[in-house]
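The values are calculated or read from the model by the stated rules, or taken from the named source; none is laboratory data. Treat the numbers as computed from the prediction; the structure is a model and nothing was measured. Here Cβ is always computed from backbone atoms with ideal geometry, including for glycine, and neighbour counts include all displayed protein chains. Just so you know, the surface numbers come from the protein's heavy atoms only, side chains and all, with ligands and any DNA or RNA stripped out. Shrake-Rupley method; radii C 1.70, N 1.55, O 1.52, S 1.80 Å.
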Amino acid sequence: MSFLAPLYLLAALAIGLPIAFHLIRRTPQGRQVFSSLMFLNPSPPRMTRRRWLEDWLLMLLRVAAVLALAFAFARPFLQTVMTAVSEDPNEEILILVDRSASMQRPGYWDRALEQVRLIAQKVGPRDSLQLQMFDTSFETLLSFAEWDQLAPGVRVQTVQDRLRESVPGWSETETGKVLLEATGQFRSEAGDASIRQRLVLVSDLQAGGGWEALSASVWPEQIRLQVLDVSQPGESNASIHLATDPRNPTSEIRVRLSNTANSLRDSLTLQWKDPFTTEAGNAANDSGERVYVPAGQSRMMAPPVAPVEGLRGTLQLSGDDVVFDNLCYVAGLQPRKLTIVYAGDEPEDDSSQGLRFFLSPAFPKDATRTVQIIPWAPGQAAPDILDQSPDWVIIGKTLSPAQRDWLKSWLQQGGEALFVARDAAQGQSVFDLLSLPSAPVEEGAVRGHALLGKVNLDHTVMRQFRDPRFSDFTKLRFWKYRRFDAATLPRGDVIAEFEEGSPALVEFPVGQGRLVLLASGWNRDDSDLAVWSKFVPLMNTLLEQACRIKGISRQWEVGDQLELAQLGFKTESVTIRTDGQTVTHPGDSLFQFTRPGLYRFAVSEAELAGPDSIIMAVNLPPAESRTEPYPVELLAAAGIPLEEADQPLAQIAARAQFQRQLLQQELEARQQWWRWLLWTALVLVGLESVLGVWKGRRQTAAAT
Amino acid sequence: MEPSEATRNRYPAPGFVDLATVMQIESLEIRTRAVVDGFFAGLHRSPARGFSVEFTEYRQYVTGDDLRYLDWRLLARSDRYQIKQFEDETNLRCMLVVDNSRSMNYGSLSYTKADYAKTLAGTLAYFLHHQRDAVGLFLISDGIDDFLPARYRRGHLQHLLGSLQQAPQGTGTGLISSLEQIAERLQRRGLIVLISDLLTPLDDWKTRLDYLRATGNEVIVFHILDPAELDFPFQQASVFVDAETGRELYIDPAGARVSYQQRFQQHLQQAQAGCEHQGVPLLQITTRTPLEQVLFDFLRLESDTSRIRRRSSIH
């Protein structure tokens, strides 16, 4: 049995008092009434052997009560086997090594490796270590289990080997998020005082490292954080980042130049580099433009005139100490020329409000494209567009057999067309294009006007109208339409139906291509479609679908992911080239940008240089350029218990002793022997009182 | 203490009832009558009959007089029925001063000092009343608890005996102050019989006796003691409680006995010396002393004092 406060056991010496009282104090045998005490003097007490023997039970009760009280105050407890054995708690050490882009700076990674080696060398034989690297997430290089299985002699070397295989990446840092996730990586439970938990952060502690997330969360009390700063004191940094919103491409590109507060250089050089080279040099180039950015400030400016049309390429900033963030990749603006082949009877300058009249206004020119509508003359078997393949074909009349054959072939090869049923007879020709058995097509019976009864808002064409503000189709009136029997169009994906249930807009896969059937025209004789507010977005969506022009950005940051299917190649694989390396990915997979640079996407390696390839630019996250280190005290202010890098052995021993005391206090608080002892003392005092009173009365009765 | 042979020869033979038996009689009147009757019975049997009271004159016999005092010779000579009168039979006013303090309530026998003192007082009263003497009573403790003037009339004896049966009171013996009050209250001279255990500081003892004597009174003191007060026979250490004040002391008799007896004897001697200085007879008796014997001593002492008084008045 152990005691929390053993000094209180000295109170047990008080048992000498009742013993002395029983030996010294002469309890009178009784009371004797006498006529007068004027001739008597009080007698002093003296010991008698007979008295001690008589009251031994009373004395024992008093002694036992004193002992019970002394033991209760000493707070006894029974040590469990576990606590008796574990004198020094084991330690679990989790090392997190920063591998973000800012660690690309010269010397940083080497210093980080050295710190990890020192930590690993100090790990005790009963301690355990886990090594992880992190930027926006962490990757485990060596787990606790692996460490425990390694022979002690090879542990440190294994750690070094694993680190040597790794290099810093180009991602940004989310230190706070990763640290909080790492606290869940320890094996021991939170209340297990026998194991110490230490999390070691090896990082450059850059201000843009996302440590603020720690302030909003509660750090586990039992985990101490040891911070090993590998930053270079006094190092300054200037950076360049694109300031243009990639979602809204304009004809003008602007960049932001920043300079850290401790920078001693404020004169920098900005110039364009070769578009497909990511190397950044540090030497000033006379061909560049001199820019002046004071320390601690940033400037927005337009870049120098690009040597490549469309302002595409690599901007290089030079003149500062750190070069990892001195390159800015610009994908530039690349307007596409789209060709729509229109097969109809109206002249090009038609003003009769037929199909052709409303077609040109539906496809205005913008920064990303220009749309040319080319008529398909009746005598031409194929559209006359200089041997180029049209992007989209709109059929608004009955095609000649040669034209029909060409269109069918073109659809099979991946082309996309819109078939507008002008009348029942012309509409019937769609079955041939679809290679379906011919079926009767009737004019729809319209009383006044017809409305759409059902619209599939989940279809990609209609998804843009899913918002309740835009999903009102009751203002679209049809005076004429062609009534197709849906049963005769088995492969069709009905996008919209008329009130009576016949399909109004149907999409058919044809080979590798697609045919969209519109059962009514947008000419004014047929409907209000051309003057309907949703007509232009509907037609442009169909055009984008056909021409693979998606709302995807051309400017990305490291760590972003691109759905390759959004590129619209419709191939099983996509070839990607960047920084002189070419890779192939499945056409429906996600591609993650892991390094800055210009990326070319094409259906094959041969197409990479062609006009159909898509160029995208990937840059560093701007936060990664905030390289000035933040003070470690900010982590302590966030409520995180910090551990000194090199603790004296005495402090370690003191902490171990403190842990032992905490464990003992917890044991005693659980067992609470003191309560039982206190109750025992009370019971003994009660018994002693009862026995004393009984003896006193007995003696008084005997004396009188 | 058993009376010696000389003592036994000096006193009349004991009566029919022994003291312990007499003291068990609850009624004080019956008790006292038993003692007196026993006393007279002893007188008749004893060769040393009579008291030492002198014959003074004859008076006419009346029905009821004790035939023992009938002068038979005179009857034979003159055919006249005359009763001898002794000096003490006439002109005696006796005030019994009985200590009624709580210390008198102690007794190591089956009766207390108070019981014995009251029986003695009652016996004296009965006897004196029988002798046609006026008897009065002072019951004292802290002060005078009760007072009956000396009278010889019908019912007075019963009244006196009734007063005697009051329970002991007071938390102290105000003997000295009570004697002073008694002296102030007495208007006619007489005999004062003090019955007390004298367990009080006797610093002014002589002065108060002198005061009583100076007013022309004769004083006889009966110093009542319990045998335990003399011998201190206790063996076990106990908490001794003062019967009068309630004070408690832890006393180990083995160690305290000698000093107690020394101091007690000093006290007795102080009382004796004070009385001797004033010419007051002091009779130290224990509660074992037969009451007839005490009565006899009383008569003897009274006779001596009256003879001295007559001589002094003659001269």
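Here are the numbers:
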quantity: Length added when fully stretched, A:Lys695-A:Glu643, from 0.36 nm per residue minus Cα-Cα; calculated: 12.0 nm
quantity: Virtual paramagnetic centre 7 Å along Cα→Cβ of B:Gln272, amide N under 16 Å, in the range B:222-251; calculated: B:222-226, B:230-231
quantity: Segment A:Val167-A:Trp479, extension gain: residue separation times 0.36 nm, minus the distance between their alpha carbons; calculated: 105.5 nm
quantity: Pairwise burial B:A, computed as accessible area of each alone minus the pair, summed, 1.4 Å, Å²; calculated: 2500
quantity: Placed amide H near B:Phe240: partners under 5 Å, 5+ positions off or other chain; calculated: A:Gln32, B:Leu249, B:Tyr250, B:Ile251
quantity: Whole-Å semi-axes of the ellipsoid equivalent to chain A (Cα gyration tensor, √5λ, descending); calculated: 89, 39, 21
quantity: Computed E for A:Asp467/A:Glu499 - FRET, C-beta separation, R0 30 angstrom, nearest 0.05; calculated: 0.85
quantity: Estimated FRET transfer efficiency (A:Ser351, A:Arg491; beta-carbon r; R0 22 Å; 0.05); calculated: 0.05
quantity: Long-range HN-HN contacts of A:Gly511 with modeled amide H, under 5 Å; calculated: none
quantity: Separation of the B:Ser259 and A:Arg675 label points, Cα + 7 Å toward Cβ, nm; calculated: 5.6
quantity: At R0 = 35 Å, FRET efficiency that the Cβ-Cβ distance of A:Lys454 and A:Glu139 yields, to 0.05; calculated: 0.10
quantity: Accessible carbon and sulfur surface of chain A relative to its total accessible area, %, 1.4 Å; calculated: 54
quantity: Exposure ranking of B:Asp79, B:Asp65 by accessible area [1.4 Å probe, largest first]; calculated: B:Asp79, B:Asp65
quantity: Carbon + sulfur, % of accessible area of the range B:114-174 - ligands and nucleic acids excluded, 1.4 Å; calculated: 45
quantity: Separation in nanometres of the label points that stand 7 Å from Cα toward Cβ, at A:Gln412 and B:Ala167; calculated: 14.3
quantity: Three-way shape label, the range A:437-543, alpha-carbon gyration tensor, a/c 1.5; calculated: oblate
quantity: Gain in span if fully extended, A:Arg254 to A:Gln297, counting 0.36 nm per residue against the direct Cα distance; calculated: 13.8 nm
quantity: Computed accessible area, A:Thr584, all protein chains, 1.4 angstrom probe, square angstrom; calculated: 90
quantity: Debye log10 I(q)/I(0) at q = 0.11, 0.12, 0.21, 0.22 Å⁻¹ for the range A:494-592, Cα point scatterers; calculated: -0.52, -0.60, -1.15, -1.22
quantity: Residue-averaged [θ]222 nm for chain A, counting only DSSP H segments that reach four residues, each worth -39500 (n - 2.57); calculated: -7500 deg cm²/dmol
quantity: Accessible area per residue in Å² at 1.4 Å probe, computed on the range A:531-623; calculated: 44
quantity: For B:250-261, mean number of other protein chain Cβ atoms within 10 Å; calculated: 4
quantity: Inter-label distance, nm, simple model (7 Å from Cα along the C-beta direction), A:Asp366/A:Glu114; calculated: 5.5
quantity: Cβ neighbours within 10 Å from other chains - mean over B:239-246; calculated: 6
